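Accompanying notes for the structure given below.
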Amino acid sequence: MRRSEQRRAAVIALYQHDLTGRELSETLGPNASLFARALTHAAADRAEELDEVIVRHAHGWSVQRIQPLERSIMRVALVEILHPDVAPAEEPIPPEGAIEEAVETAKTFCGSEAPGFVNGVLAAVLREVRENAQIR
């Protein structure tokens with residue numbers, strides 16, 4: 001299974017978990033890849049931290065106002081951007097690749113405004129990460 005499909009599986013599992021409260025093991029299913037499992041669990045475990053990052057860059061939007069699927073898409077992408085060591089991969093995806101994958105997922109599964117919103121928030125996070133890296 002391609003990594004983009006595994007990311008989408010992670011997004012859907014996280015979304016179902018958030019919406020229904022079901023355990024991640026149930027929403028992932030028995031055939032989920034190690035990569036999808038790692039992304040899903042990391043996003044769920046770090047949800048509070050990731051939501052704070054989202055809210056800081058989603059000017060005027062509370063995390064509760066953001067559609068659950070869009071929030072799940074951004075959480076999974078943020079795991080790859082902020083914690084690239086969490087999900088095992090032969091070759092880590094560059095942050096721009098994580099953003100592109102998130103935008104494509106939003107185009108496929110969300111409303112027409114979602115891809116621009118997801119791109120704007122994630123691009124702002126990446127700018128902040130890179131600015132902070134230069135300061136240190």
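Once neighbouring chains are kept in place and the probe is 1.4 Å, which whole percent of the accessible area of the range 2-47 is contributed by carbon and sulfur?
About 47 percent, which is the carbon plus sulfur part of the accessible surface.
Could you list the trypsin sites (Lys or Arg not before Pro) in the range 16-87 that lie in coil according to DSSP, counting only those with at most 13 other Cβ atoms within 10 Å of their Cβ?
Those that pass, being in a loop and sparsely packed, are 22, 65.
How large is ³J(HN,Hα) for each residue in the range 53-60, as worked out from phi by the Karplus curve 6.51 cos²θ - 1.76 cosθ + 1.60 (θ = phi - 60°), to whole Hz, x for Gly and Pro?
Running phi through 6.51 cos²θ - 1.76 cosθ + 1.60 with θ = phi - 60° gives 5, 4, 4, 4, 10, 9, 2, x Hz.
Through the Karplus equation 6.51 cos²θ - 1.76 cosθ + 1.60, θ set to phi - 60°, convert the phi angles of the range 25-30 into ³J(HN,Hα) values in whole Hz; use x for Gly and Pro.
The phi angles translate into 4, 6, 6, 6, x, x Hz.
For residue 2 and residue 23, what is the calculated FRET efficiency with R₀ set at 30 Å and r taken between the beta-carbons, to the nearest 0.05?
With a Förster radius of 30 Å, E is 0.70.
Tell me the per residue accessible area of the range 5-48 using a 1.4 Å probe; a whole number in Å² is fine.
On a per-residue basis, 51 Å².
Just going by the charge dipole of the range 59-136, with Lys and Arg at +1 and Asp and Glu at -1 on Cβ, which of 72, 61, 102 is farthest out on the positive end?
My answer, from the dipole projection, is 61.
Which loop-located GluC sites (Glu not before Pro) does the range 7-77 contain, where loop means any DSSP state but H, G, I, E or B and the Cβ has at most 16 other Cβ atoms within 10 Å?
The qualifying sites are 23.
For the range 1-112, count all C-alpha to C-alpha pairs, find those more than 17 Å apart, and express that count as a whole percent of the total.
49
The values are calculated or read from the model by the stated rules, or taken from the named source; none is laboratory data. If you're wondering where the values come from, they're calculated on a predicted model, not measured in any experiment. Positions of Cβ are backbone-derived with ideal geometry, glycine not excepted, and every protein chain shown enters the neighbour counts. Just the protein is used for accessible areas: all its heavy atoms, side chains included, with ligands, DNA and RNA removed. Shrake-Rupley method; radii C 1.70, N 1.55, O 1.52, S 1.80 Å.
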